[in-house]
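Visitor: I'd like to ask some things about the structure below.
The values are calculated or read from the model by the stated rules, or taken from the named source; none is laboratory data. Please read these numbers as outputs of a predicted model, since none were measured by experiment. Cβ coordinates were reconstructed from backbone atoms using ideal geometry, including for glycine residues, and neighbour counts include every protein chain displayed.
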Amino acid sequence: MNKYHQLVVSLGVLTVLGQETALGQNRDEAVILKGQQQQLSTEAIKNAAPHKNYLSPLNLPNLAPTSEAEFRQNSASPGISSQAKIPNNNLINSSTSTSTPRAFGSYGVPYTSKRVSHFPTSVVSSNANGYLSATYPYSTMGRLAFSVGTNNAHCSATLIRRSIIVTAAHCIQGFGSGSSIYSNFTFVPSYYNAIAPYGSWSWLSLVRPSSWANGTDTGSGAARNNDLAVIAIRKNSAGQFIGDITGYMNYGWNNYSFTTSSRTGNIPIAAITTTGYPGLLDLGRIMQRSDGPGYLTTISSAKQIYQGSNFTGGSSGGAWVTNFGYQSPAFSGGASAGNSSVPNVIVGVTSWGASDPNLPKDNYSSQFGQNTQYPLATYGTRGAGNIASILNTLCSSTPSGSTQTLQQQGYCN
């Protein structure tokens, strides 16, 4: 064991030298940092190597998408989180929805439609190359750098609550590695070629699925039910929450925004935007965006979303977003946005793709929602399935040295 592995068990709380782990539902664990780990330096963040999922990617020449019959039979009720926020405390969706919110009309073909505009920011000069990535909703996304032993690596992550980011579980630890997690997690929103317009932010606590930690998660190879994790971001020296500065996204569950019709070949499909910092594109130092149809499938009983993409290692943990963009237009003459087209809802995060960056051009995510490990339709007030459960565990945990939970302190608003 090294210094991050030694455990002392007492009263249902595990203490990992410098970290505490509180048990939650599904025996998930909130890893609570005692004190404060070193924040990675600007140079370390810049040179952090793109992190890859160490589980073997699968060769799936005969992969078939979920059929309409399977979709109708197995689909639990989709829903979205209670709110998202643009910077300066402006809520853009303040009502919880557990209906079937989808961006499509009676034609049955999904789409994304937004006004060509941006939310102005003064943190970057308007004539600088990094200006767009510093505007909302890109400002909610960033590079997640961390230490793997003596080396530094990077993934991608996105804010989904006031001070909570979502990323991939394999960016927290290797599959089946128990209590051994990586260290020095440092989140840099809107990172652009070594420029950090909103600064660098340290971690406070995190939750990854226990089935990932103990190596029992449903699936085979890299295709797993629950390759996702959430991290609480520490307030800055001025006492500010990161989301009050950058804004944050919605999240959804149970295949929010997917629809099926004869015009899509009776295959469930959604219009998905994927973002991240893939290492083979601009050296992983500039945020990338990929747009295209997303499809559902099941691989060795693991529920997956897949799409075509040229993203590579480093994009892991990056957001899969429906209805991406800043503003919807002002409609007139009876026109409307479509069926409940709530903006900026994350339905997954990049998990894995083929090891060959040139031929397959594929990309996969664990589905956010109910599955074998997370069967419930309600976890606290967070929604259904895996994303809601791990978020509920994190928000119900109490940071070291405090008597209030993260929710009570405002991190999870």
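Visitor: Of all residues in region 172-228, which are under 26 Å from residue 60 (Cα atoms) and in a strand (DSSP E or B)?
Guide: Those that are under 26 Å from residue 60 (Cα atoms) and in a strand (DSSP E or B): 219, 220, 223, 224.
Visitor: If you don't mind, there's one more thing I want to ask. Does residue 380 satisfy the condition of being within 20 Å of the chain's Cα centre (by Cα), within 21 Å of residue 168 (Cα to Cα) and at pLDDT 90 or above?
Guide: Criteria not met by residue 380.
Visitor: Mind checking which residues of region 42-59 are modelled with pLDDT of 95 or more, part of a loop (DSSP other than H, G, I, E, B) and small (Gly, Ala, Ser)?
Guide: Scanning region 42-59 gives a single hit, 48.
Visitor: Here is a further query. Can you tell me which condition residue 311 does not meet? The list is (1) among the aromatic types (Phe, Trp, Tyr); (2) over 30 Å from residue 32 (Cβ atoms); (3) out of contact with any strand residue (DSSP E or B) (no Cβ under 7 Å at 6 or more places or on another chain), and all the others hold.
Guide: (3)
Visitor: Further question: Any residue at all in region 400-413 that's assigned to a helix (DSSP H, G or I), within 17 Å of the chain's Cα centre (by Cα) and not β-branched (Val, Ile, Thr)?
Guide: No, region 400-413 contains no residue that is assigned to a helix (DSSP H, G or I), within 17 Å of the chain's Cα centre (by Cα) and not β-branched (Val, Ile, Thr).
Visitor: Test of understanding: among 323, 371, which residue is within 20 Å of the chain's Cα centre (by Cα) and at pLDDT 95 or above?
Guide: 371
Visitor: Output yes when any residue across region 275-286 is among the β-branched types (Val, Ile, Thr), modelled with pLDDT of 95 or more and surrounded by fewer than 19 Cβ atoms within 10 Å (Cβ to Cβ), and no when none is.
Guide: Within region 275-286 (the criterion being among the β-branched types (Val, Ile, Thr), modelled with pLDDT of 95 or more and surrounded by fewer than 19 Cβ atoms within 10 Å (Cβ to Cβ)), the answer is yes, since at least one residue qualifies.
Visitor: Restricting attention to region 107-124, report how many residues are surrounded by 12 or more Cβ atoms within 10 Å (Cβ to Cβ) and either acidic (Asp, Glu) or at pLDDT 90 or above (or both).
Guide: 3
Visitor: Shifting gears a bit: Check whether at least one residue in region 287-295 is in a loop (DSSP other than H, G, I, E, B), modelled with pLDDT under 95, closer than 30 Å to residue 196 by Cα and touching a strand residue (DSSP E or B) at 6+ places or on another chain (Cβ under 7 Å), and report yes or no.
Guide: no
Residue-by-condition table, conditions (1) crowded, with 24+ Cβ neighbours inside 10 Å; (2) in contact with a helix residue (DSSP H, G or I) (Cβ under 8 Å, 6 or more places away or on another chain):
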{"position": "345", "(1), (2)": "yes, no"}
{"position": "348", "(1), (2)": "yes, no"}
{"position": "353", "(1), (2)": "yes, no"}
{"position": "361", "(1), (2)": "no, no"}
{"position": "373", "(1), (2)": "no, yes"}
{"position": "380", "(1), (2)": "no, yes"}
{"position": "385", "(1), (2)": "yes, no"}
